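The values are calculated or read from the model by the stated rules, or taken from the named source; none is laboratory data. Computed from a predicted structure; not experimentally measured. For neighbour counting, all protein chains shown are included, and Cβ atoms are generated from backbone atoms with ideal geometry for every residue, glycine included.
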Amino acid sequence: MVLVLTAISLIAGGTLAYINKVTQGPIAEINAKNLQDGIKKVILGSQPGDLKVEEPVEANGYTLYKTDKGTAVKAVTNGFGGPLEILVGFNEDGNILGYTILATVETPGLGVKADTWFQEGGKGNIIGRNPGEKELAVSKDGGDIDAITASTITSRAFLNAVNAAYQAFKGNTGDAASGASAQAGRVENATGTGSDSIH
């Protein structure tokens, strides 16, 4: 009996390890492609064009992707259902160009509405705003942004992540202007080959 259970455990463990190894590369490629698409979306929106992206810079737990047309900042916060990972684009003045949600486990039909709720034309539009001029907050907290209906916790978490991303951007802006930021590097595309730009 013990030998049978041991054999089953070894076979199951080996199978899981093999599947993990086989899927690791494709998953990394998909994540890299999603990140590249996200950077393009938050900086260019729906406008066609290419971006030259410098080597990512880590700043206090945030990742900054400086481009020739703005800076994208990746931030993670805790929402109602768990981690909420966003990417926010800022122009050189700190105005929000766009955002995208990279990963979320928020309540389907409620918290996941953050993907569109705060976009241009959405009820809680933050596009074009500058968190440095006025911190973004929901109306329940004294701000002027409408929270997602029945999802105030997610709305707060999202706006806190955007505000924190702005602070990371602001802290990195001075370094980038002085030349102290990381040198321009190559961005790996989904095929694993280097590229200076995102098409």
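Starting from the stretch 110-130, take each residue that is within 12 Å of Ser155 (Cβ to Cβ) and touching a residue at least 24 places away in the same chain (Cβ under 8 Å) and list its partners that are surrounded by fewer than 16 Cβ atoms within 10 Å (Cβ to Cβ) and among the aliphatic types (A, V, I, L, M), counting only C-beta distances under 7 angstrom and pairs at least six apart or across chains.
Note: pairs meeting the criteria are Leu110/Ala150.
Is at least one residue of the stretch 116-128 in a strand (DSSP E or B), closer than 23 Å to Asn31 by Cβ and of a type in the set (Ser, Thr, Tyr)? Step through it out loud before you land on a result.
Initial filter on the stretch 116-128 (in a strand (DSSP E or B)): none.
No, because not a single residue in the stretch 116-128 is in a strand (DSSP E or B), closer than 23 Å to Asn31 by Cβ and of a type in the set (Ser, Thr, Tyr).
Among the residues of the stretch 85-94, is there at least one that is out of contact with any Gly (no Cβ under 6 Å at 6 or more places or on another chain), surrounded by fewer than 14 Cβ atoms within 10 Å (Cβ to Cβ), farther than 24 Å from Glu133 by Cα and of a type outside the set (Ser, Thr, Tyr)?
no
Does Asp146 satisfy the criteria of being without any contact (Cβ under 8 Å) to a residue 60 or more places away in the chain, over 25 Å from Lys40 (Cβ atoms) and charged (D, E, K, R)?
Spelling it out, Asp146 is indeed without any contact (Cβ under 8 Å) to a residue 60 or more places away in the chain, over 25 Å from Lys40 (Cβ atoms) and charged (D, E, K, R).
I'm checking my understanding of the structure. Among residues of the stretch 147-161 that are among the aliphatic types (A, V, I, L, M) and part of a helix (DSSP H, G or I), which one is nearest to Phe80 (Cα to Cα)? Full working, then the answer.
Start the filter on the stretch 147-161 by keeping residues that are among the aliphatic types (A, V, I, L, M), which leaves 147-148, 150, 153, 157, 159, 161.
Next cut, part of a helix (DSSP H, G or I) only: 153, 157, 159, 161.
Details: Ile153: 6, Ala157: 8, Leu159: 13, Ala161: 13 Å.
Among those residues, the one meeting the criterion is Ile153.
How many of the residues in the stretch 105-121 are surrounded by 15 or more Cβ atoms within 10 Å (Cβ to Cβ) and modelled with pLDDT under 90?
Of the residues in the stretch 105-121, the ones surrounded by 15 or more Cβ atoms within 10 Å (Cβ to Cβ) are 106-107, 110-115, 117-119.
From what's left, modelled with pLDDT under 90: 106-107, 110-115.
Result for the stretch 105-121: 8.
Kindly check whether there is at least one residue in the stretch 38-58 that is out of contact with any strand residue (DSSP E or B) (no Cβ under 8 Å at 6 or more places or on another chain) and surrounded by 15 or more Cβ atoms within 10 Å (Cβ to Cβ).
The answer is no, given that none of the residues of the stretch 38-58 is out of contact with any strand residue (DSSP E or B) (no Cβ under 8 Å at 6 or more places or on another chain) and surrounded by 15 or more Cβ atoms within 10 Å (Cβ to Cβ).
In the list Glu92, Glu85, which residue meets the criterion of being among the acidic types (Asp, Glu) and under 27 Å from Ile148 (Cα atoms)?
Working: Glu92 fails: under 27 Å from Ile148 (Cα atoms).
Sole residue among the options that is among the acidic types (Asp, Glu) and under 27 Å from Ile148 (Cα atoms): Glu85.
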